[in-house]
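A short write-up of the structure that comes next.
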Amino acid sequence: MAFPVVDIRDISISHLKCIKNPKAAGQRYPLSDQVYSFKGMSDVLKAHYGDKYPFATEELAECPPGNKRYASLWDFTYKIDNSKTRKELGINFRDTKKSFVEMAESMIANGLIPKKE
């Protein structure tokens, strides 16, 4: 299963730009730059942290039984065209891999994940 991801800072900037731009009223702007699976995110973090933390090493082959929330999304393929967002709002999305690492660093700094040396 994979899903669109975006840095929350890009969402915030996009919202501010929409508030300031009357032409944005009533419009929809795709706010995603990449699509990642849980395993893909794990691969990015493992490349940065190595063996300090346990990361997923395999994708789940199928949706766990009884998981109705994600069953319909399991084999869904996202196709995201964010050209309107880039053009009309001038958004240049942050590097997704860097965002994953910055998110993890923030979680460690705030004690949500124990710091490991």
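Rule-based calculations on the coordinates, nothing more; no lab input. Model, not experiment: these values are computed from the prediction. We place every Cβ from the backbone using ideal geometry, glycine too, and count neighbours over all the protein chains shown.
The orientation-averaged projected area of the convex hull spanned by the Cα atoms of the stretch 2-109 comes to 8.8 nm².
Secondary-structure-derived ellipticity at 222 nm for the chain, considering helices only, amounts to -12500 deg cm²/dmol, per-run term -39500 (n - 2.57) for DSSP H runs with n ≥ 4. The dipole here belongs to the stretch 2-109: it is taken about the Cα centre, uses +1 on the Cβ of Lys and Arg and -1 on the Cβ of Asp and Glu, and is about 640 debye. Its relative contact order, with pairs defined as Cα atoms under 8 Å and 6+ residues apart, puts the stretch 2-109 at 40 percent. Our note on the geometry: Cα centres of the stretch 14-39 and the stretch 79-117, 14 Å apart. For the residues Pro22, Pro30, Pro65, a GNM of the chain with alpha-carbon springs under 10 Å puts the largest fluctuation on Pro65. A cut-off under 15 angstrom between Cβ atoms defines the neighbours of Phe55, and their net charge, with Lys, Arg +1 and Asp, Glu -1, is +1.
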